[in-house]
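The values are calculated or read from the model by the stated rules, or taken from the named source; none is laboratory data. Keep in mind it's a predicted model, so treat the numbers as computed, not measured. Cβ sites come from the backbone with ideal geometry, for glycine too, and all protein chains shown count toward neighbours.
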């Protein structure tokens, strides 16, 4: 059992959390969602005992384990194995017991060849494997995870989620903070939406995720995030309009995208790929300069303006997200969910009921 009672937190007279209350029971996997600055991470830090609340309290039964950032609780000068033993002994486990479990840790993390190397030489992905593996090997009753699965390959992420499901089936309580709506929808049986430090909604229905996305859409502005700066270039502006230059989009509109970049240093390779996903993060289609006729990968310092459009009737009504992958030389930088794109149903479209899915093709039948 984990119970949060009328929790509030202020920093320098600025209220971060206000009157947060909820109760979790054995087997619950709860997803906490909210935009940046809504108080998600502060809430987990208070539950884990890292930060003290201004008001209210947290009560729970059993052992609590938290992993709130990459490599949290990991000592970089110690080896992976030394970190494991240190963490276990701090939790009161005996050395023989820990020795019996280390094989399980090595199997889960697949880090056995590196366990005797100092952790400061690990990559971010290896840090993640070690920290997550230690947290799960040293069994607890309540687990707190804050965006920790944003690092690591897909195979390892899948292994982590399978382990989380198994823990839930054993009666453990799992609290996940993530911006990945697909992850929350797939694995959680409860949802808590925080907005400006308050509980906007809590429910066991995934419909709260749709309401959260619609709320995000209403305030979506890519230029709150832009300009995105790199040593070699700046991504300064993105606009999304219909063919008349208006921001209101329907499924019978053309949808125009215009992006502006400033190349600051000579580049031998510069590419831009825009990805359109549905509200859950499922890819719908992409448009890339690398396959565009006449595109020159090599760029001198200059302003680069890009424009493309989606034909009218191609996207069905719905909520979508726009992400950009920017290739600079051999590296690719990912700007995920830069914009929430809302396409409403046009009153003039009388055939929408004939088309399922996210896109509407122009494929036709021919009578033979």
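The table that follows gives values for the structure above.
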{"quantity": "Strands (runs of 3 or more DSSP E) completely within the range 1-82 that count 1 or more residues being closer than 22 Å to residue 174 by Cα and at pLDDT 95 or above", "calculated": "2-11, 14-24, 29-33, 55-60"}
{"quantity": "Test result for residue 292, within 18 Å of residue 256 (Cβ to Cβ) and surrounded by fewer than 16 Cβ atoms within 10 Å (Cβ to Cβ)", "calculated": "yes"}
{"quantity": "Residue identified as in contact with a strand residue (DSSP E or B) (Cβ under 8 Å, 6 or more places away or on another chain), at pLDDT 90 or above and not assigned by TED's automatic domain parsing to the domain that holds residue 33 among 232, 292, 268, 203", "calculated": "232"}
{"quantity": "Condition met for residue 129 (assigned by TED's automatic domain parsing to the domain that holds residue 62 and either at pLDDT 90 or above or in contact with a strand residue (DSSP E or B) (Cβ under 7 Å, 6 or more places away or on another chain) (or both))", "calculated": "no"}
{"quantity": "Restricting the range 247-287 to residues that are under 25 Å from the mean Cα position of the chain (by Cα) and without any contact (Cβ under 8 Å) to a residue 40 or more places away in the chain, the residue that is surrounded by the most Cβ atoms within 10 Å (Cβ to Cβ)", "calculated": "287"}
{"quantity": "Criterion violated by residue 297 - all others in (1) surrounded by fewer than 16 Cβ atoms within 10 Å (Cβ to Cβ); (2) within 27 Å of the chain's Cα centre (by Cα); (3) in the same structural domain as residue 261 (by TED's automatic domain parsing) satisfied", "calculated": "(2)"}
{"quantity": "Residues of the range 252-284 that turn out to be part of a loop (DSSP other than H, G, I, E, B) and farther than 28 Å from residue 183 by Cα, as a count", "calculated": "8"}
{"quantity": "Residue in the range 345-355 that is farthest from residue 298 (Cα to Cα), counting only those that are in contact with a strand residue (DSSP E or B) (Cβ under 9 Å, 6 or more places away or on another chain) and surrounded by 13 or more Cβ atoms within 10 Å (Cβ to Cβ)", "calculated": "349"}
{"quantity": "Residue match in the range 320-340 (condition: in contact (Cβ under 8 Å) with a residue 24 or more places away in the chain, over 21 Å from residue 236 (Cβ atoms) and touching a strand residue (DSSP E or B) at 6+ places or on another chain (Cβ under 8 Å))", "calculated": "yes"}
{"quantity": "Only one of 53, 96 that is assigned by TED's automatic domain parsing to the domain that holds residue 189, without any contact (Cβ under 8 Å) to a residue 60 or more places away in the chain and out of contact with any strand residue (DSSP E or B) (no Cβ under 7 Å at 6 or more places or on another chain)", "calculated": "96"}
{"quantity": "Output for the range 97-134, where each listed residue is exposed (fewer than 13 other Cβ atoms within 10 Å of the Cβ), part of a helix (DSSP H, G or I) and in contact with a helix residue (DSSP H, G or I) (Cβ under 7 Å, 6 or more places away or on another chain)", "calculated": "104"}
{"quantity": "Check on residue 144, under 18 Å from the mean Cα position of the chain (by Cα) and either not assigned by TED's automatic domain parsing to the domain that holds residue 43 or not in a loop (DSSP other than H, G, I, E, B) (or both)", "calculated": "yes"}
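Matching residues to (1) without any contact (Cβ under 8 Å) to a residue 12 or more places away in the chain; (2) buried (at least 17 other Cβ atoms within 10 Å of the Cβ); (3) assigned to a strand (DSSP E or B); (4) not assigned by TED's automatic domain parsing to the domain that holds residue 333:
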| position | (1), (2), (3), (4) |
| --- | --- |
| 171 | no, no, no, yes |
| 174 | no, yes, yes, yes |
| 182 | no, no, no, yes |
| 191 | no, yes, yes, yes |
| 210 | no, no, no, yes |
| 226 | no, yes, no, no |
| 245 | yes, no, no, no |
